[in-house]
Amino acid sequence: MLRAPVRHASTIELEIFSMVEKLIAMAAMIVSGAASGQSAVMLFGAIDTTLAHGSGSLSSKTQLTSGGSTASRLGFRGTEDFGGGTSASFWFEAGFNSDTGTGRATNINNQPSGATPAGGLTFNRRSTVSLAGSWGELRIGRDYTPQFRNQDNANLAIGSGSSLIEDATVIGPTAVRASNSIAYLYNTSGWVDGPGLYGTLMYYMGENSSYGARKKDGNGAGLRVGYKFGPADVAIALSRTKYLAGNQSQNNIGASWKFDAARLMAVYEWDKNDALIGGSTAKGYSIGVDIPVGAGQIYLLHSRYRVEQITEAVNRPASRKYSLAYIHHLSKRTALYGGYAYVANRGGAALALNGAMTGANASSSGSDLGIRHSF
């Protein structure tokens, strides 16, 4: 009787392993072919935690907070190259509080009614998809507004003394970011990529029904045009957002100049809110210098912001801020920093720093000590 040859277990295992290797190789070829134009998805972010203290005439406060040097964030981005200089990309970036682990608030319709409370993680900082080529970039979703870019370019980004003083009742919900936006960017991806002319045009929607008085509530547009040449960078930004209670506008001119030993930055701003009694305007400026020192940088900043009414008013609230800060780079990704800021109020203003409370026309101070790590 003939018998089939007996195959040892080791031989069978080798054949199975060989077959599995072939299948894996085939799958890898299919995946690599399908994704040949797709760059790897990048995970990025920053963790910034600060020990902050604020003093005022009414109360003081000491707290552990987030974002003293840069906003704590977690993001994902990727790009697909179609060839010929054309590409598609996405960008999702969520802000969070590093001291508590909670997510930051967002706004779904560019109106006060659309503000969401902080809590769960939301992609409040940026949520966009875009097409780009030699002609520029078309970007849709939630993103920085053009009118904020000039401020951000001159922001020294250190603690309580980091930015231009502003009044949220004047500048409104779209002062920094706008949801439901469509933007065209030329020679820039939010930051200037090269010398010459650059600009951004954005339109954003409140997404209300076409029936009723609220149909344009939260609709708005912003424009920024700038020119970069040598060590200088100058840009102007104009914006207007429509609201049922009254329109708001935010406008500014920003400039920076790089010297051999320092960088000088300045912003001048004029805002308007028609919703306030008689209409209200505000003007402010910020001027600062960034001085590299060894492995660190010294920052000096002075800013002023004053609110006025079109009709004569007895009080014109005004605040001035003076700040000094230092950041020490332990590496390219990790830094220690500290800062101090002082605010002088008048005209009924009561601006206070780092959670403190101060009376009208009284002063306030804030100090910060923190660590930042980027990845």
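Here segment 49-63 is the region considered, the condition is being open to solvent by 30 Å² or more (accessible area, probe 1.4 Å) and assigned to a strand (DSSP E or B), and the residue that is nearest to Gly359 (Cα to Cα) is Ser59.
Please go through (1) basic (Lys, Arg); (2) open to solvent by 20 Å² or more (accessible area, probe 1.4 Å); (3) over 22 Å from Asn107 (Cα atoms) for Arg224 and return the number of the only condition it doesn't satisfy. The failed condition is (2).
Pro292 satisfies every condition listed in (1) under 23 Å from the mean Cα position of the chain (by Cα); (2) within 28 Å of Gly75 (Cβ to Cβ); (3) open to solvent by 70 Å² or more (accessible area, probe 1.4 Å) except (1). Regarding segment 236-255, can at least one residue be identified that is assigned to a loop (DSSP other than H, G, I, E, B), of a type in the set (S, T, N, Q) and touching a Lys or Arg at 6+ places or on another chain (Cβ under 9 Å)? Yes, that holds for at least one residue. Sort out which residues of segment 64-87 are crowded, with 16+ Cβ neighbours inside 10 Å and in a strand (DSSP E or B), and write them in order of number. Those that are crowded, with 16+ Cβ neighbours inside 10 Å and in a strand (DSSP E or B): Thr65, Ser66, Arg73, Leu74, Gly75, Arg77, Thr79, Ser87. If you check Ser323, Ser303, Ser367, which single one turns out to be crowded, with 16+ Cβ neighbours inside 10 Å and touching a Phe, Trp or Tyr at 6+ places or on another chain (Cβ under 6 Å)? Selected residue: Ser367, the only one of Ser323, Ser303, Ser367 that is crowded, with 16+ Cβ neighbours inside 10 Å and touching a Phe, Trp or Tyr at 6+ places or on another chain (Cβ under 6 Å). If you go through segment 196-221 and keep only what is under 15 Å from Ala178 (Cα atoms) and open to solvent by 80 Å² or more (accessible area, probe 1.4 Å), you end up with Leu201, Tyr203, Glu207, Lys216. Close contacts from segment 44-62, counting a first residue that is over 30 Å from Phe90 (Cβ atoms) and of a type in the set (S, T, N, Q) and a second that is open to solvent by less than 30 Å² (accessible area, probe 1.4 Å) and part of a strand (DSSP E or B), with Cβ to Cβ under 6 Å and a gap of 6+ residues or different chains, come to Thr50/Asp368; Thr50/Gly370; Ser55/Ser365.
The values are calculated or read from the model by the stated rules, or taken from the named source; none is laboratory data. This structure is a prediction, so every number in the text was calculated from the model and none was measured. With ideal geometry, Cβ positions are generated from the backbone for all residues, glycine too; neighbour counts draw on all protein chains shown. Each accessible area value is taken on the protein alone, full model and side chains, heavy atoms only, with ligands, DNA and RNA left out. Shrake-Rupley method; radii C 1.70, N 1.55, O 1.52, S 1.80 Å.
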